[in-house]
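Enquirer: Here it is: the structure, laid out below.
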Amino acid sequence: MGGFFGIAAKEDCLTDVFFGTDYHSHLGTRRGGLAAYDKKIGLQREIHNIENSPFRTKFERVFDEMKGTSAIGCISDSDPQPLLIRSALGVFAICIVGAVNNLEELAERYLSSNGHFNAMTGGKINSTELLAALIAQKESFTEGIRFVQEVIQGSASILILKDDGTLIAARDRLGRTPVVLGQGEDGYCVSFESFAYQKLGFRDLRELGPAEIVEITPDGVEQLSPPGKEMRICAFLWSYYGYSNATYEGVNVETMRYRNGAIMAEHDMKEGNITDIDYVCGVPDSGTPHAIGYANKSDIHFARPFIKYTPTWPRSFISSKQSDRKKVAKMKQIPVHELIVDKNLLFVDDSIVRGTQLRETVEFLYDNGAKSVHMRSACPPIMYGCKYLNFSSSTNEMELLTRATIVELEGEEGLKYLEEYSDFSTERGKALRKAICDKMNFASLEFQSLEGIIKAIGLEPCKLCTYCWSGKE
């Protein structure tokens, strides 16, 4: 995933953009970047690797090196950005959120006449640079962004800082990710997460509609291109990667997760699946509110049988050795033995993708004396790698636990019946759950249904992207 943040103000705004960008750190762990415009200096840019250090520690000295009355920042799980681009439209900084799947085709079709295009290590194309080049082929930023929205396969929300300090923001064509505007005493801002600017004293202005393009100056926001009528906002925003106090399309993440957990509890109560459970627990952190909703509805006590120790391990330690990574994961989990030993525990996780970390968590619980560990996934079985964002994307869909298990059950033939395997009431659905239980050492397993998660979100189904669960675009 990734997120961006920007401000156009009358006074220096770099400090606010620094904090606003840092508030997007939950969306990515690879690259962080800032770009700023100052009337005397012009455009400046700085990018750092944040795989082993938080954004703020890598940019804490940026105030000695940069300043500006307009600035943008980006957290990225893919390419280094923002980039500085010199073009016929002028010099500008650009960052994107999304995923572009037809990079090679676009480069060959629209840029081959230029004779060359910069490549990264291994010949990989930087998607941000490619989209910038496509935009710059047109006579205006508006025309260029519209062109990009039409020709890419995937999605891209775009934030541009021009060489006069003006910002241009565009939400992706079907609104798969949010773009929101805020208004302050000294200017205007744009953000992926609304709480990021609320903490900085900005008040809500409005959300951009799908494909909408706006220009942002210290004096106001001007619409350059109106929103489209279709929307497919990613449902995973609420289930997993959205921050708890974020709100998308009027729906708060934390309260949605409570509703989601309650719907799962209702299902289990109806099916008689939750007898002899001592505690309902959440796999931290995003599984916890789903578990609270489940516990409140089922009247089973909520508990935290283990706590993540994060002061010295704020993020995953990167090691080339799997044994080292596994060791670090275990070091971060501190058990509360009184809540584990001889207890029947029901855990709720936000999702089950590959299952590697979840398997290790369950082993950890049994090693510390758990009597049984039941598992609930707060979303349906993930059957497809995401084509539109970087979440659950993979070069090989067989890395998904569900698909790998289906092939183990009945070979490639089983992939013809993914819809049946998703449904708990079918024989194939029951077989999938039992096979995963056997593989992962769960006492029982259930997934939230597609209907259940849509109900918890509360938006019309036609406005939600559920591709990774349903395969329907």
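FYI, it's all coordinate maths here, none of it is from the lab. This one's a predicted model, so the numbers in the text were calculated from it and none came from an experiment. With ideal geometry, Cβ positions are generated from the backbone for all residues, glycine too; neighbour counts draw on all protein chains shown.
Enquirer: Read phi for every residue in the range 183-199 and hand back ³J(HN,Hα) as whole Hz from Karplus 6.51 cos²θ - 1.76 cosθ + 1.60, θ = phi - 60°, with x for Gly and Pro.
Expert: Whole-Hz 3J(HN,Hα) from phi for the range 183-199: 10, x, 5, 10, x, 10, 9, 9, 7, 6, 9, 5, 5, 4, 8, 4, 5.
Enquirer: Next question. Express the relative contact order of the chain as a whole percentage, based on alpha carbon pairs under 8 Å and six or more residues apart in sequence.
Expert: 12 percent
Enquirer: Going by amide H atoms built from the backbone, whose H comes under 5 Å of the H on Tyr279, apart from near neighbours?
Expert: Correct list: Asn344, Leu346.
Enquirer: Let me ask another. Set the Förster distance to 30 Å, then compute FRET efficiency between Asp342 and Glu266 from the Cβ-Cβ distance, nearest 0.05.
Expert: Values: r = 28 Å, r/R0 = 0.94.
With R0 = 30 Å, the Cβ-Cβ based efficiency is 0.60.
Enquirer: Here is a further query. At 0.36 nm per residue, and after removing the present C-alpha to C-alpha distance, how many nm does the segment from Glu419 to Glu451 gain when stretched out fully?
Expert: Taking Glu419 through Glu451 to full extension adds about 10.2 nm, to one decimal.
Enquirer: Give me the one-decimal nm value for the distance between modelled label points at Arg354 and Asn101, 7 Å along each residue's Cα-to-Cβ direction.
Expert: Result for the modelled spin labels: 2.0 nm.
Enquirer: I need the calculated FRET efficiency for the pair Glu60 and Gln183, taking r as the beta carbon distance and R₀ as 41 Å, to the nearest 0.05.
Expert: After rounding, the FRET efficiency stands at 0.90.
Enquirer: What is the sum of charges around Val97, taking Lys and Arg as +1, Asp and Glu as -1, for the other residues whose C-beta is under 12 Å from the C-beta of Val97?
Expert: Within the 12 Å Cβ shell, the charges total -2.
Enquirer: Another question, then. Need the full-extension length gain, Arg203 to Lys124, defined as separation in residues times 0.36 nm minus the C-alpha distance. One decimal, nm. List each step's numbers first, then the result.
Expert: Numbers: separation 79, 0.36 × 79 = 28.44 nm, distance 4.02 nm.
My answer for the length gained is 24.4 nm.
Enquirer: The list (i) 69, 46, 44; (ii) 59, 54, 49; (iii) 99, 68, 54 gives values of Cα extents along the principal axes in Å, and only one came from this structure; which label was calculated from it?
Expert: Step by step, Cα extents along the principal axes in Å for this structure corresponds to label (i).
Enquirer: If you don't mind, there's one more thing I want to ask. Under a Cβ-Cβ cut-off of 15 Å, what is the net charge of the residues other than His290 that fall near it, where Lys and Arg count +1 and Asp and Glu count -1?
Expert: Summing Lys/Arg as +1 and Asp/Glu as -1 gives -1.
Enquirer: Just list whichever of Lys40/Lys138; Lys67/Lys124; Lys124/Lys416; Lys10/Lys463; Lys58/Lys439; Lys332/Lys439 have alpha carbons separated by over 30 Å in the model shown.
Expert: Checking Cα-Cα distances, Lys67/Lys124; Lys124/Lys416; Lys10/Lys463; Lys58/Lys439 exceed 30 Å.
Enquirer: Still on this model: Calculate, for His301 and Met331, the FRET efficiency according to 1/(1 + (r/R0)^6) with r their C-beta to C-beta distance and R0 22 Å; round to the nearest 0.05.
Expert: The value I calculate is 0.20.
Enquirer: Just to check I understand the Karplus step: with θ = phi - 60° and J = 6.51 cos²θ - 1.76 cosθ + 1.60, what whole-Hz values come out for the range 378-385, glycine and proline as x?
Expert: 6, 9, x, x, 7, 10, 9, x
Enquirer: Moving on. From the helices alone, meaning DSSP H stretches of at least four residues, give me the mean residue ellipticity at 222 nm for the chain, per-run term -39500 (n - 2.57), in deg cm²/dmol to the nearest 500.
Expert: Using -39500 (n - 2.57) per qualifying helix, the result is -8500 deg cm²/dmol.
Enquirer: If each of Lys229 and Glu399 carries a label point 7 Å out from its Cα toward its Cβ, how far apart are those two points in nm?
Expert: For the pair Lys229/Glu399, the computed spacing is 3.9 nm.
Enquirer: Quick query: amide H of Leu224 versus all other amide H atoms, modeled in the peptide plane; which residues come in under 5 Å with a sequence gap of 5 or more or a different chain?
Expert: Placed amide hydrogens put Ile213, Val214, Glu215 under 5 Å from Leu224.
Enquirer: Hey, another quick one. Using only Cα atoms, locate the centre of the range 418-473 and the centre of the range 158-178, then give the distance between them in Å, rounded to an integer.
Expert: Between the Cα centre of the range 418-473 and that of the range 158-178, the gap is 34 Å.
Enquirer: Using a simple charge model, +1 on the beta-carbon of Lys and Arg, -1 on the beta-carbon of Asp and Glu, nothing else, what dipole does the chain show about its Cα centre, in debye to the nearest 20?
Expert: Roughly 680 debye, rounded to the nearest 20.
Enquirer: Multiply the residue separation of Val151 and Asn49 by 0.36 nm, subtract the distance between their alpha-carbon atoms, and state the gained length in nm to one decimal.
Expert: Fully extending the segment from Val151 to Asn49 adds 33.7 nm.
Enquirer: How far apart, in nm, are the 7 Å Cα→Cβ label points at Asn273 and Gln137?
Expert: Computed distance between label sites Asn273 and Gln137 equals 5.0 nm.
Enquirer: Would you tally the net charge around Leu130, using a Cβ to Cβ cut-off of less than 13 Å, leaving Leu130 out, and scoring K and R as +1, D and E as -1? Numbers along the way, then the final one.
Expert: Working: positive: Arg109, Lys124; negative: Asp79, Glu104, Glu105, Glu108, Glu129.
Neighbourhood net charge equals -3.
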